[in-house]
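J.: Sharing a structure below in structure tokens format, with a few things to ask.
The values are calculated or read from the model by the stated rules, or taken from the named source; none is laboratory data. Computed from a predicted model, the values in this text were never measured in an experiment. Backbone-built Cβ (ideal geometry, glycine too); neighbour counts: all protein chains shown.
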């Protein structure tokens, strides 16, 4: 199992545990944290790792993969902690880190030639969707009262 798949799966499980923990006393932030862990920390991480492994024309190397993995998980941790603690600066820093990792993920598949081409287009669309959602989510978090 790749490190992206392992950590992504751990985030999905953590999101499920958070959802179970807040089920008896639902809160907006608890529900958000559960969804964030599952979708961004988990599903997106697994998809980014799998897409890169399948589509990159050459292996990015262990250091590059380790940097992406560390950046993705540290960025997600900062977004979660910043949002839950009301520390907008921390959530914003996490968002910047996530965006940097997404740029690296796009660079890793540059020059990829795939037939059929839809997997590469799907991967790029996923990266673009997450990249666009970062500032949107951070703005919503900053203006939403706690």
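J.: Pairs please, first residue from segment 110-137 and on the phi > 0 side of the Ramachandran plot, second anywhere and outside any helix (DSSP H, G or I), Cβ atoms under 6 Å, 6+ apart in sequence or on different chains.
T.: Pairs that qualify, where the first residue is on the phi > 0 side of the Ramachandran plot and the partner is outside any helix (DSSP H, G or I), are 111/57.
J.: Shifting gears a bit: Select from segment 73-97 the residues that are free of Cβ contacts under 8 Å to residues at least 40 places away in the same chain and within 14 Å of residue 130 (Cβ to Cβ) and list them in ascending order.
T.: 75, 94, 96, 97
J.: Given the conditions (1) under 18 Å from residue 48 (Cβ atoms); (2) not in a helix (DSSP H, G or I), and given that residue 116 satisfies all but one, which numbered condition is not satisfied?
T.: (1)
J.: Restricting attention to segment 52-72, and to residues there that are in contact (Cβ under 8 Å) with a residue 12 or more places away in the chain and closer than 23 Å to residue 135 by Cα, which single residue is surrounded by the most Cβ atoms within 10 Å (Cβ to Cβ)?
T.: Out of the qualifying residues, it is 72.
J.: For segment 12-49, enumerate the residues that are within 15 Å of residue 71 (Cα to Cα) and touching a residue at least 60 places away in the same chain (Cβ under 8 Å).
T.: 40, 44, 48
J.: Here is a check on your reading of the model: is residue 102 under 21 Å from residue 4 (Cα atoms), surrounded by 16 or more Cβ atoms within 10 Å (Cβ to Cβ) and either in contact with a strand residue (DSSP E or B) (Cβ under 7 Å, 6 or more places away or on another chain) or modelled with pLDDT of 95 or more (or both)?
T.: Yes: the conditions hold for residue 102.
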